[in-house]
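**Q** Attaching a single structure in structure tokens format; questions to follow.
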Amino acid sequence: EQQLEKDKRIQQKIKRFKMKQAQRALFFMEEEPFNPDYVEVDRVLEVSYCEDKDTREEVVYYLVKWCSLPYEDSTWELKDDVDQSKIEEFEQLQAAKPDSRRVERPPANLWKKREQSRQYRNGNSLRDYQLEGVNWLLFNWYNRRNCILADEMGLGKTIQSITFLEEIHRVGIQAPFLIIAPLSTITNWEREFRTWTHLNVIVYHGSMVSRQMLQQYEMYFRDAQGRIIRGAYRFQAVITTFEMILGGCPELNAIEWGRWKDILNHGRFKKQLTEWDVESICRALLAYCLVHYRGDDKIKSFMWDLIAPTEDGRTKELQNHLGLSAPVPRGRKGKKMKTQSSSFDIHKAEWLRKHNPEHMLQDDGYKKHLKHHCNKVLLRVRMLYYLKQEVIGSQLDFYLPDNSELPALWWDAISDKCLLLGVFKHGYEKYNTIRGDPTLCFLERVGKPDEKAIAAEQRNNDFMDG
């Protein structure tokens, strides 16, 4: 105690200690505030009818997506607990029929300047300067000119863009419209769409489970048997982020967007890349993996022939790769392969001098990651090539075995095709993800898989990819 009393800072130390103790106690006492949006109905996705076991009366349930919550948190609720206006919106969407008509953009001489704003949804109308912006957007659209709407913050660029889409929709352009926005603004985009227009807008974002639910309930029209009608979309506008586009979203890629190629061409690269540039980069990446690959020499030989261009710059015709369809031991504990003499020397390749991966890959962290996963990269490329060239090809022809060998009684040649396409699209051992893919046949035949199983597959995939 005497030593402590001699310490001139002891009182300040005790004071700070007591303050930290008080802050810690306050931290554990406070509860996280509840967001009232969580109990507000955003959209109704589906309806289900069943019979009460006691009264034998019909009971109606609605699958509800809640505000500020992802699709995967949707729940089934009794009809009496769901806002009637949301039920009516759902019924209107269900009653809508696909419209296959396509209207071409009108000629420039049909453009007319609007002197006064029309009344949009909820009685909203544009201010004078906003009307001027919409007129300018329409003028450029009629004249087939690209344009950028730039203004100070808070003056309604989002509203002008949305009402512009509403105007060309009224002309007869049958959507769908694609909006790519920063993640922090997509909620505002969705809110303004529903405030100003009656366009059916969806947000394509979130986990894989949420996106699969969106595909199942929100994206496609279906026939009387519940099968997806290709090219017939229920939504009229979709909002997503640039990261989702760059990450790959085949459901959006399948839509014939008017500017899709332009969007893909405006990737966040330091310079504009051609198809030849991308192909050269891929060759260099796979060559780097080959240098560090420690596995079957047949795979090495196959990969080398796959990436080495011919004299005219094209890929060689791959031949004499026996055993390509046989399973390859995976993992570090797999049986070691006997060292065989290779038919190539990667360090003497003339075509690699111009695209040397050691020079192209300047991020040491990425190189370390690629080196660590080189076996997996090459095996996946080999698997995808085999599926595409040897199995899928230009057409799929299958021999269907006896019923005793079928996985299920309903299994047929279409099931075989969808299984192969699913593996090609989603990868090995992603059976729940394949089953939940709305573009394949399994979702219609056996129903949606357990969402937790899909999430577990995705988590495992993320872990394997580092």
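**Q** What nm distance separates the two modelled labels at D128 and E40, each placed 7 Å from Cα along Cα→Cβ?
**A** 3.4
**Q** Hey, another quick one. At 0.36 nm per residue, and after removing the present C-alpha to C-alpha distance, how many nm does the segment from E77 to I180 gain when stretched out fully?
**A** Contour length minus Cα-Cα distance gives 33.8 nm.
**Q** Let me check I have the definition right: for the stretch 47-121, take the eigenvalues of the Cα gyration tensor, multiply each by 5, take square roots. What are those semi-axes in whole Å, largest first?
**A** Values: eigenvalues 351, 54, 35 Å².
Each semi-axis is the square root of five times an eigenvalue, giving 42, 16, 13 Å.
**Q** Something else: For L409 and R118 in the same chain, what is the full-extension length gain: residue separation times 0.36 nm, less their Cα-Cα distance, in nm?
**A** Stretched fully, the L409-R118 segment lengthens by 98.9 nm.
**Q** Now for a different question. If you count only protein heavy atoms and use a 1.4 Å probe, how large is the accessible surface of H426, to the nearest 10 Å²?
**A** Accessible area, nearest 10 Å²: 60 Å².
**Q** May I pose another question? Quick one: which of K53/K86; K65/K448; K300/K376 span more than 20 angstrom between C-alpha atoms?
**A** K53/K86
**Q** With r as the distance between the Cβ atoms of E88 and T55 and R0 = 30 Å, compute the FRET efficiency 1/(1 + (r/R0)^6) and round to 0.05. Let's see the in-between values first.
**A** Numbers: r = 26 Å, r/R0 = 0.88.
With a Förster radius of 30 Å, E is 0.70.
**Q** Any idea how far apart D450 and A232 come out in nm if each label point goes 7 Å out from Cα toward Cβ?
**A** A separation of 3.5 nm, rounded to one decimal place.
**Q** Given an 8 Å cut-off on Cα distances and at least 6 residues of separation, report the relative contact order of the stretch 69-172 as a percent. Let's see the in-between values first.
**A** Numbers: 45 pairs, mean separation 22.4, N = 104.
Relative contact order here is 22 percent.
**Q** In Å and whole numbers, how far do the C-alpha atoms of the stretch 108-257 stretch along each principal axis, longest first?
**A** Cα spread of the stretch 108-257 along its principal axes, largest to smallest: 48, 34, 31 Å.
The values are calculated or read from the model by the stated rules, or taken from the named source; none is laboratory data. No experiment lies behind these values; they were computed from the predicted model shown. All Cβ positions, glycine included, derive from the backbone under ideal geometry; neighbour counts span all protein chains shown. All accessible areas refer to the heavy atoms of the entire protein, side chains included, with ligands and DNA or RNA removed. Shrake-Rupley method; radii C 1.70, N 1.55, O 1.52, S 1.80 Å.
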